[in-house]
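All remarks here apply to the structure that follows.
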């Protein structure tokens, strides 16, 4: 895989050419910024920017005014190759708070190891209805330490409006949900994204998460996707590397006036 070429394709298709992430959201392009705006229960933030040192501070102020004028906290999703090089420091100076750095990883599905199965006693349940979404949120809350209401809203809305663009799955030990994850396909691109993957304590290190990645990757193959993209935490990165994913850059969430919201999402 040509890392530089794939990163450029990722920027073009998923950031500059972003599509609304949900029925209640819209994407706006203004100058050197691409943003998504939705309801307070959607993800709101800056997806891409092309700024220089002379205009960066004014652009940051403009985004603060745009979102806060709507009564919304928001995230500026900063990638390691974004410019200017001190954009993170400028965001901090403007009142943003930086979250943990994550790794943008991409795998070409034809090159991934997809033979991983769940351990004995664990079965995978596709999420197709409200009951399944409830199980998904039941895992999300302890794993990510966040209220699952935002996740429930987003997943239920997507299942209702565009079910072919998402595949969610829960791992059950008996009737107890122990791991969960979803994949979001981006129509008109060669990418699908892996999101919200996590396993509760006590079940980590047994191959459950690896099985969920392989399960979603097989669906991506069936649906004609070429690349899988992941914002990986330090826990998931080694697993993903063993499956064939490559690290392309870093991502850091900078949030503004959203202390009561956890908009950051990755693969834990």
Point to revise | Residue among 72, 91 that alone is buried (at least 18 other Cβ atoms within 10 Å of the Cβ), in contact with a strand residue (DSSP E or B) (Cβ under 9 Å, 6 or more places away or on another chain) and in a loop (DSSP other than H, G, I, E, B) | key: 72
Review point. Out of all the residues in the stretch 194-203, is one or more at pLDDT 95 or above, assigned by TED's automatic domain parsing to the domain that holds residue 122 and within 19 Å of residue 3 (Cα to Cα)?
Key: yes
Point to revise | Those strands (runs of 3 or more DSSP E) lying entirely in the stretch 18-64 with at least 2 residues within 12 Å of residue 74 (Cβ to Cβ) | key: 33-37, 45-49
Practice item. Output yes when any residue across the stretch 65-83 is farther than 15 Å from residue 253 by Cβ, touching a helix residue (DSSP H, G or I) at 6+ places or on another chain (Cβ under 8 Å) and at pLDDT 95 or above, and no when none is. Key: yes
Check your understanding: Checking residue 183 against (1) at pLDDT 95 or above; (2) over 24 Å from residue 104 (Cα atoms), which single condition isn't satisfied?
Key -> (2)
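Give the stretch 75-88 a look and list any residue that's touching a residue at least 60 places away in the same chain (Cβ under 8 Å) and assigned to a helix (DSSP H, G or I), or say none.
If the condition is that a residue be touching a residue at least 60 places away in the same chain (Cβ under 8 Å) and assigned to a helix (DSSP H, G or I), then 88 is the only one that fits.
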Study note, to complete from the structure: Picked from the stretch 98-120 (must be over 22 Å from the mean Cα position of the chain (by Cα) and surrounded by fewer than 17 Cβ atoms within 10 Å (Cβ to Cβ)), the residue nearest to residue 174 (Cα to Cα) is 120
Review point. For the stretch 121-150, which residues satisfy the criterion of being modelled with pLDDT of 95 or more, part of a loop (DSSP other than H, G, I, E, B) and at negative phi?
Key: 128, 129
Check your understanding: So is residue 158 in contact with a helix residue (DSSP H, G or I) (Cβ under 8 Å, 6 or more places away or on another chain) and surrounded by fewer than 17 Cβ atoms within 10 Å (Cβ to Cβ) or not?
Key -> no
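Kindly evaluate residue 14 against the criterion of being touching a residue at least 40 places away in the same chain (Cβ under 8 Å) and within 23 Å of residue 232 (Cβ to Cβ).
yes
The values are calculated or read from the model by the stated rules, or taken from the named source; none is laboratory data. What you are looking at is a predicted structure, and each value in this text was computed from that prediction instead of being measured. Please note: Cβ atoms are built from the backbone with ideal geometry, for glycine as well, and neighbour counts cover all protein chains shown.
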